[in-house]
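Here's the structure, in structure tokens; my notes come after.
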Amino acid sequence: MTSPQGFLGFWETTGSAKTFTHPLDPALLDAYVPRGARVLDYGCGYGRLTAELATLGYGTVRGVDVSAALIARGRREHPGLELMRCAGLPLPFEDGAFDAALLFAVLTCVPGDADQTAIVGELGRLVRPGGVLYLSDVPLQNDALNRERYARFAERYGTYGVFEMPDGGVFRHHPPERLRGLLREAGFSVRKERVGVVGTLDGRTAERLQLIAHREPAAPQSPPDPASG
């Protein structure tokens, strides 16, 4: 998980003890990401999915999170993993350093538009052309509880879908087209969508949307026009 600096306190305290429940779909991953791929698990939290990737046979996996407490927990629970705390962007990796990246239940923890755009844009820099971004997150829900809290917090946060939890966490659910749009803006093309139901941090369930997107090659630059010189 990750969050912008304004909400980091939750993930350094109460949030760092949570048990994350947003599951990986190994079959979907396997269909698009080979075992030899260099994989970045962005917003890895305590390395839950990073460890699952390693167990599945992905040999080159790096987990990154903004929370020092979550990374410390991950190093205790999974001492063999490469987990790194990075407080901000850009990340300390070269352009195209990874063949694939995971972004799992991360944007739901990032309420601000600019922060979301920055994160997905950074993954657009780090995933090589032709590589894969596997995003799984929570779209807007249609049940009465969620509709009520979306409406209650919309004025405070300026965005319908952002809400606060009693324990201090601030989360965001998204129109599906926003998630697709973030990917397009960062140079990704959605190739596969899948929906399902997942557990949430408060013990409920929610619908989720999984998106597999390919990083498009950069558009070739036209040669200079000699007549314009």
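Before moving on, here are some points about what is shown:
- Counting only alpha carbon atoms, the long axis of helix 113-126 and the longest principal axis of the chain meet at about 40°.
- Secondary structure note: in the chain, about 50% of the DSSP beta bridges are antiparallel.
- When the trypsin sites (Lys or Arg not before Pro) in region 17-46 are filtered for DSSP coil states and for at most 12 other beta-carbon atoms within 10 Å of their beta-carbon, the remaining sites are Arg35.
- Taking region 84-160 and dividing mean pair separation by its residue count, relative contact order in percent (alpha carbons under 8 Å, at least six apart): 36
- A Gaussian network model of the chain, with springs between Cα atoms under 10 Å, assigns the largest mean-square fluctuation among Gly187, Gly47, Gly196 to Gly196.
- Positive minus negative residues near Ser67 (Lys, Arg vs Asp, Glu; Cβ under 13 Å): +2
- Three-way shape call for region 1-156 based on the alpha-carbon gyration tensor, with the a/c threshold at 1.5: prolate
Laboratory data are not the source of any read-out in this text; all were calculated from the coordinates shown. Just so we're clear, the structure is a prediction, and the values are computed from it rather than from any experiment. Don't worry about glycine lacking a Cβ; one is built from the backbone with ideal geometry, like all the others, and counts go over all protein chains shown.
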